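The values are calculated or read from the model by the stated rules, or taken from the named source; none is laboratory data. Because the structure is a prediction, the values reported are computed rather than measured. For neighbour counting, all protein chains shown are included, and Cβ atoms are generated from backbone atoms with ideal geometry for every residue, glycine included. Please note that ligands, DNA and RNA were not included when accessible areas were found on the heavy atoms of the full protein model with its side chains. Shrake-Rupley method; radii C 1.70, N 1.55, O 1.52, S 1.80 Å.
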Amino acid sequence: MVASVSKSLPAATARAKFAATRAEMSSALIERDDEIDLVLTALIAKEHVLLVGPPGCAKSLLLDSILKWAGGTKFAILLTKYTVPEEVVGPVSLAGLKEDRYLRITTGKLPEADFAYLDEVFKASSAILNTLLRLLNERTFDAGDGAAKKVPLKLCVGASNEWPSPETGKELAALFDRFTFRRTVRPILTQAGRKRLLWDRDHVPTLSTIIAPIEVEASHFEAMSLPWSPAATEALETVIRELAKEGVQPGDRRQVKAVAAARSYAWLHGAERVEPEHLEVLASVLWDDPVEQPGKCAQVIAKVANPTGMRVNQYLLEVEQILAGADVKNLAEAAKAAAKLAEIDKQLGSLTGNGRVEKARTYVKEQLKKLKLASLEAY
Ligand SMILES: Nc1ncnc2c1ncn2[C@@H]1O[C@H](COP(=O)(O)OP(=O)(O)OP(=O)(O)O)[C@@H](O)[C@H]1O
Ligand SMILES: [Mg+2]
């Protein structure tokens, strides 16, 4: 029997708002759909998220936009090795010191924030890393009076230009582990995307809604009660087994968090229960070492849980190769490329059971149209 999901009004309005934001963000940002979904999933799961990528690939634009959308107190900082704890958790109270009490004034700092954005997070000094570890993990902070109090933090988003290397200290590795969701952001891949980057007037998303803290809570609550389909349950167990065979053995805490992560992702996609295709998000969760494991993890998940999604991605890669290799001003070449694209569109049409298929087909049809126009103009 499928357990019914408790429906609440704030959760219903929140779901519509999440859907609107997904669409609005993805129409402004180029080739960032997966990253947008990941950060929104993290918000629903209330688990921290880290984006790693070269300078200028829209990490800040994406993270800032989503944090702006979320109502509540924000704290943002660009960390360097010179950043001192006062800048993150507040200065020590002088009045307190006069009375022999060591107390930090946390107003406007991380301990009072609902949402935090830590830019260049791995540049932080050892003293800051230690404070961050506790705050991010236990969500408590001791201002100096010996009592660790709960902080309101719902979500911390982090950004970095590089992954921490295996030689870096234990503290960095521990902080890295606090980010449940982690993803590499790549520069724009497609020709059409690059054209948009160069010639679109503005890339800043315009978001038509604001999500209130109570709505985020309601979303979290509803997502956490989503049931799993038997196929998804089996797929997760298989994924973990297959990953172990590949030498990828994420810790127990990560495995537990994966369950909540998949629920949040399914909820974001409007599903009433977790299906195998929703395990796709776990490619950002179920690994420890950023060097080889993310690729292996994505492959295992695609193979076990989402073969359709994997084929769609392969077809899209093929489309890019065809477009990059064709001289559209040469009529014969353009016709050959168009025939190949039409064939891919046909193949895509035979796939079912994945939301990406329709999107991919629309993209291929658009490219086909452009190809025909370009070759006509050349003629
Ligand atoms: N995929 C993209 N979609 C839309 N705009 C983009 C994209 N990539 C880059 N841009 C443009 O480049 C600008 C720079 O991006 P942003 O500052 O967010 O990069 P970043 O990844 O945070 O870089 P850094 O690592 O240096 O902080 C954006 O504000 C936007 O105008
Ligand atoms: Mg940035």
Among residues of region 37-65, those that are in a helix (DSSP H, G or I), within 16 Å of ligand 2 (Cβ to nearest atom) and touching a Ser or Thr at 6+ places or on another chain (Cβ under 8 Å), counted
0
Filtering region 111-170 down to residues that are polar (S, T, N, Q) and within 16 Å of ligand 2 (Cβ to nearest atom) yields S160, N161
Going through (1) open to solvent by less than 30 Å² (accessible area, probe 1.4 Å); (2) in a helix (DSSP H, G or I) one by one, A95 fails only at (1)
Right, A23: under 25 Å from A360 (Cβ atoms) and either modelled with pLDDT under 95 or away from ligand 2 (no atom under 16 Å from the Cβ) (or both) or not?
yes
Would you point out the residue of region 57-87, among those that are closer than 13 Å to L207 by Cα, open to solvent by less than 20 Å² (accessible area, probe 1.4 Å) and out of contact with any strand residue (DSSP E or B) (no Cβ under 7 Å at 6 or more places or on another chain), that is nearest to ligand 1 (Cβ to nearest atom)?
L62
The conditions are (1) under 30 Å from L368 (Cβ atoms); (2) in contact with a Gly (Cβ under 9 Å, 6 or more places away or on another chain), and L197 fails exactly one of them. Which is it?
(2)
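Quick grid of which residues meet (1) under 12 Å from the mean Cα position of the chain (by Cα); (2) closer than 26 Å to E277 by Cα:
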{"residue": "S8", "(1), (2)": "no, yes"}
{"residue": "T13", "(1), (2)": "no, yes"}
{"residue": "S26", "(1), (2)": "no, yes"}
{"residue": "L29", "(1), (2)": "no, yes"}
{"residue": "V52", "(1), (2)": "yes, yes"}
{"residue": "I77", "(1), (2)": "no, no"}
Pick from region 198-230 the residues that are in a helix (DSSP H, G or I) and within 16 Å of ligand 1 (Cβ to nearest atom): which of them is least open to solvent (accessible area, probe 1.4 Å)?
L198
Consider region 153-194. How many of its residues are within 16 Å of ligand 1 (Cβ to nearest atom) and of a type in the set (S, T, N, Q)?
5
The conditions are (1) surrounded by 12 or more Cβ atoms within 10 Å (Cβ to Cβ); (2) in a helix (DSSP H, G or I); (3) of a type outside the set (A, V, I, L, M), and E366 fails exactly one of them. Which is it?
(1)
Hey, G90 open to solvent by 50 Å² or more (accessible area, probe 1.4 Å), at positive phi and more than 28 Å from the chain's Cα centre (by Cα) or not
no
